[in-house]
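Structure record follows, encoded as structure tokens.
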Amino acid sequence: MNQTVLITGGTGSIGRRLTQMLRQEGYQVSLLSRSPKSIPDVRVYQWDIKKGHIDPQAIATADHIIHLAGEAIADERWSDQRKEDILNSRTQSTDLLVQALAKNPHHVKSFVGASAIGYYGGDTADRPLTETSQGGSDFLAQVVRAWERSEEQIAALGIRTVKLRIGVVLMAEGGALPKLAQPIRLGAGAPIGSGQQYISWIHLDDLCRLFSRGLSDETWQGVYNAVAPNPVTNETLTRAIAGVLHRPILLPNIPNFAIKLLYGEMAIVVTGGNYVLNKRIADETDFVYQHSDLKTALQDLLT
């Protein structure tokens, strides 16, 4: 194959697994990073988003770009500064890629950008949502809308552009699953709030396979909901984790007010929910999930 995929945000949990899987598929992988690192068989180029610097060789050598860069949503409380960092880390990084692509010779054929189901709003109850559903109006929705607008600039350059609205990624290290599993292992797990808020989840490996498919399949274009076929409630997920770990759920549900006291506005990440459907993937592609069943997905990650 001998094609090169340039990944931004490639040193995070998703990026590391994606790098591994793409190399197994025969791609060469290069990364854009704020600090030069030594990674076996991976070329690391430097960029500085705040200073507007990017190594032009990163663009010149790329056949495809996967854009994952962005500050984590749920790592700390949302101060005004943190909100600004979350937004700017997504839009300014994309703007820098756009500028580099516009002014440097390149042969980039496709761009697959991360987005998020936060586009629909932090809490949309049990209303089924597809790629054509209306966007929300809260902070997360505003961030994702701006994020996707910035990625549209790539399409305006004539590069085939795919945007994956990613759900809750289940992975063994990083993300929500270890945080949910740890108290359950200790016998202190419980559903959050009513427990009836929906979680639209996806196994890390299936997400990485969607990114790969977005690169290789020229029929893919525009927005896709990157979620597994079967959203579940918070209570269902909590009890499924407990079942896989052979631990009981003994405590009452954790009340929403306690979560809000702890996390402030960011509490919506766990107290809210979305029932998101992968309609375009199901209707328009032949993509087959390896982990469409929650129990087997959890067994793969937790045992």
In this structure, among Lys37/Lys109; Lys50/Lys83; Lys83/Lys163; Lys83/Lys260; Lys83/Lys103, pairs with alpha-carbon gaps over 20 Å are Lys37/Lys109; Lys83/Lys163; Lys83/Lys103
Note on the chain: the mean projected area of its alpha-carbon convex hull, in nm², is 15.3 nm²
Treating only Lys and Arg (+1) and Asp and Glu (-1) as charged, each at its beta carbon, one finds that the chain has a dipole about its Cα centre, in Debye to the nearest 20, of 440 debye
Taking Cα atoms only, helix 13-24 is inclined relative to the longest principal axis of the chain by an angle, in degrees rounded to 10, of 60 degrees
The set of residues whose placed amide H lies less than 5 Å from the amide H of Gly193, leaving out same-chain residues fewer than 5 positions away, is Ile254, Asn256
Placing +1 on each Lys and Arg Cβ and -1 on each Asp and Glu Cβ in segment 144-303, then taking the dipole about the Cα centre, the residue among Asn278, Val223, Gly175 whose Cα reaches farthest towards the positive end is Gly175
Rg (one decimal) and Dmax (whole number) from the Cα set of segment 36-98, in Å, equal 13.7, 40
Helix 176-185 sits off the longest principal axis of the Cα atoms of the chain, rounded to the nearest 10 on a 0 to 90 degree scale, by 30 degrees
In Å³ per residue, the alpha-carbon convex hull of segment 114-182 encloses 120 Å³
In order over segment 221-232: 3J(HN,Hα) from phi, Karplus 6.51/-1.76/1.60, θ = phi - 60°, whole Hz, x for each Gly or Pro, gives 7, x, 9, 9, 7, 8, 9, 6, x, 10, x, 10
In Å, the Kirkwood hydrodynamic radius from C-alpha pairs for segment 1-148 sits at 16.5 Å
Rounded to the nearest 10 degrees, the helix 234-245 long axis (Cα) sits at an angle to the longest Cα principal axis of the chain of 90 degrees
Ranked by GNM mean-square fluctuation in the chain (Cα springs under 10 Å), the top entry among Ile39, Ile241, Ile154 is Ile39
Reduced to Cα centres, the span from segment 176-227 to segment 75-118 in Å works out to 21 Å
Checked segment 65-166 against the a/c 1.5 cut and the a/b vs b/c comparison, axes a ≥ b ≥ c from its Cα gyration tensor; verdict oblate
Computed over all unlike Cα pairs, the Kirkwood hydrodynamic radius of segment 149-213 in Å stands at 14.7 Å
Most exposed first, judged by fewest Cβ atoms within 10 angstrom, Leu68, Leu97 run Leu68, Leu97
Computed over segment 1-90, the relative contact order (Cα-Cα under 8 Å, seq sep at least six) in percent reads 31 percent
With x for Gly and Pro, the residue-by-residue ³J(HN,Hα) of segment 81-90, computed from phi through the Karplus equation 6.51 cos²θ - 1.76 cosθ + 1.60 at θ = phi - 60° and given in whole Hz, is 5, 5, 4, 4, 5, 4, 5, 5, 4, 8
Taking N as the residue count of segment 161-303, its alpha carbon Rg divided by 2.2 N^0.38 Å gives 1.11
Any residue on another chain or 5+ positions along whose placed amide H is under 5 Å from the amide H of Val168 is listed here as Ser200, Trp201, Ile202
Computed over all unlike Cα pairs, the Kirkwood hydrodynamic radius of segment 77-229 in Å stands at 17.2 Å
Cα gyration tensor of segment 227-293 diagonalised, 5x eigenvalues square-rooted, in angstrom largest first, produces semi-axes 29, 19, 8
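Read-outs: derived from the displayed coordinates by stated rules, not from any lab. Being a predicted model, the structure only gives us computed values, none of them experimental. Here the Cβ is made from the backbone with ideal geometry for all residues, glycine too, and neighbour counts use every protein chain on show.
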